[in-house]
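In what follows, a single structure is set out as structure tokens and then discussed.
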Amino acid sequence: MDGYIPYTEKEKKNVYNKGFKTLKESLKVAFHKTDKEAETIVQELKKKQFTIKEIGKYMKKKYGYENAESLFVTEPTKKGTVGSVNNYIKQRFNEHSYSYYISLKFVDYMAVEIGFFCIILFCFSYINDTKKDIYELLHTKPIKPASYVFGKVIGSTSVMIAVIILISFLFNFIVMIHANKAHLPYEYWDLWRMVGVMLFPVVFSISAIYLFLSILCKNSLPAVPIILLYIIYSNMGTIGDDGIYGYSIKPVSLIVRFADLFLENILSARVVLNQFCILAFALLCCLLSTYLWKRRRV
């Protein structure tokens with residue numbers, strides 16, 4: 001049975017060169033350029049080493065050529081034979097184990113589900129503290145602002161982490177059994193490493209943002225649409241340099257998606273840096289919450 005595999009870099013380059021030939025012919029036919037003029041434009045583009053996206057913008061701006069980038073775009077995958085697909089899988093498993101790839105897809109889907117679940121859970125967790133009578137009582141008790149803020153954030157985070165650990169344990173156990181039966185390379189700790197890097201910071205960040213907005217607005221409800229918009233922002237797609245619309249990680253994304261083909265996903269340095277950034281942002285929210293809490297006690 002045939003399957004689908006990504007294009008090689010050589011094949012992508014062939015498509016790129018073919019796009020220039022098509023562009024040259026279309027300039028002669030649709031824009032009435034001479035062969036020499038069309039060749040000059042093509043050579044100018046090659047010299048500038050534009051990406052596909054940049055070619056489209058340049059041709060539209062300078063020559064009024066709409067959607068020139070479409071000449072260079074191809075499908076992300078091609079149909080492969082049994083032999084080519086098996087070679088592709090073997091190559092990928094030499095780089096990383098099956099557990100590595102499936103762990104990335106697990107945290108991909110879990111991050112979204114956990115994100116929405118946190119919105120509901122934390123709303124109930126913080127809503128009581130913002131009621132007028134409880135709010136005033138908390139501010140008259142000898143509770144240190146930092147103790148309240150970090151205690152509240154860590155407490156709510158711990159509940160969600162316990163749920164994540166339980167689900168992750170069951171998933172890891174079930175997949176490991178089936179992977180061993182299928183003789184797929186599987187390492188038990190791959191999933192736990194991904195959960196620690198990709199899911200725990202998300203829960204902590206949502207909790208910290210929730211508390212900051214709750215203290216700032218004296219109500220936890222405004223945090224719901226704001227965090228929802230944050231999640232939507234993290235999932236928004238863009239047109240990449242290859243001219244194809246798809247997912248790309250945004251600066252300080254609350255949730256990182258692994259939206260490539262199953263064996264094409266990797267935990268890049270940029271993703272790890274993003275996780276450190278959202279943790280830093282969460283700590284900033286905690287410090288601001290501590291300041292606001294302390295100020296309102298005076």
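Numerical summary
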| quantity | calculated |
| --- | --- |
| Qualifying residue in segment 210-233 (condition: assigned to a helix (DSSP H, G or I), farther than 17 Å from residue 126 by Cα and either in contact with a Lys or Arg (Cβ under 8 Å, 6 or more places away or on another chain) or of a type in the set (Lys, Arg) (or both)) | yes |
| Selected residue [touching a helix residue (DSSP H, G or I) at 6+ places or on another chain (Cβ under 8 Å), modelled with pLDDT of 85 or more and either at negative phi or of a type in the set (S, T, N, Q) (or both)] from 52, 41 | 41 |
| Hey, residue 68 of a type in the set (Gly, Ala, Ser) and modelled with pLDDT of 85 or more or not | no |
| Considering residues of segment 138-173 that are surrounded by 14 or more Cβ atoms within 10 Å (Cβ to Cβ) and among the small types (Gly, Ala, Ser) only, the residue modelled with the lowest pLDDT | 146 |
| Boolean, residue 215 is over 21 Å from residue 99 (Cα atoms), at pLDDT below 90 and not acidic (Asp, Glu) | yes |
| Pairs with Cβ under 9 Å, 6+ apart, first in segment 151-168 and farther than 14 Å from residue 195 by Cα, second outside any helix (DSSP H, G or I) and modelled with pLDDT under 95 | 151/143 |
| Residue check, residue 198 closer than 30 Å to residue 19 by Cα and among the hydrophobic types (A, V, I, L, M, F, W, C) | no |
| Only listed residue being on the phi < 0 side of the Ramachandran plot and surrounded by 14 or more Cβ atoms within 10 Å (Cβ to Cβ), chosen from 112, 82, 29 | 112 |
| Among the residues listed as 250, 294, the single one being modelled with pLDDT of 85 or more and of a type in the set (D, E, K, R) | 250 |
| So residue 231, is it on the phi < 0 side of the Ramachandran plot and surrounded by 14 or more Cβ atoms within 10 Å (Cβ to Cβ) | yes |
| Failed item, numbered, when residue 25 is tested on (1) touching a Phe, Trp or Tyr at 6+ places or on another chain (Cβ under 9 Å); (2) at pLDDT 85 or above | (1) |
| Test for residue 175: is it in contact with a Cys (Cβ under 7 Å, 6 or more places away or on another chain), over 16 Å from residue 113 (Cα atoms) and either part of a helix (DSSP H, G or I) or touching a residue at least 40 places away in the same chain (Cβ under 8 Å) (or both) | no |
| Among (1) part of a helix (DSSP H, G or I); (2) surrounded by fewer than 20 Cβ atoms within 10 Å (Cβ to Cβ); (3) of a type in the set (Val, Ile, Thr) - the single one residue 252 does not satisfy | (1) |
| Residue under evaluation residue 19, criteria (1) of a type outside the set (Val, Ile, Thr); (2) at pLDDT below 85; (3) exposed (fewer than 14 other Cβ atoms within 10 Å of the Cβ); (4) over 28 Å from the mean Cα position of the chain (by Cα), criterion not met | (3) |
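The values are calculated or read from the model by the stated rules, or taken from the named source; none is laboratory data. If you're wondering where the values come from, they're calculated on a predicted model, not measured in any experiment. As a convention, Cβ positions derive from the backbone with ideal geometry for all residues, glycine included, and neighbour counts pool all protein chains shown.
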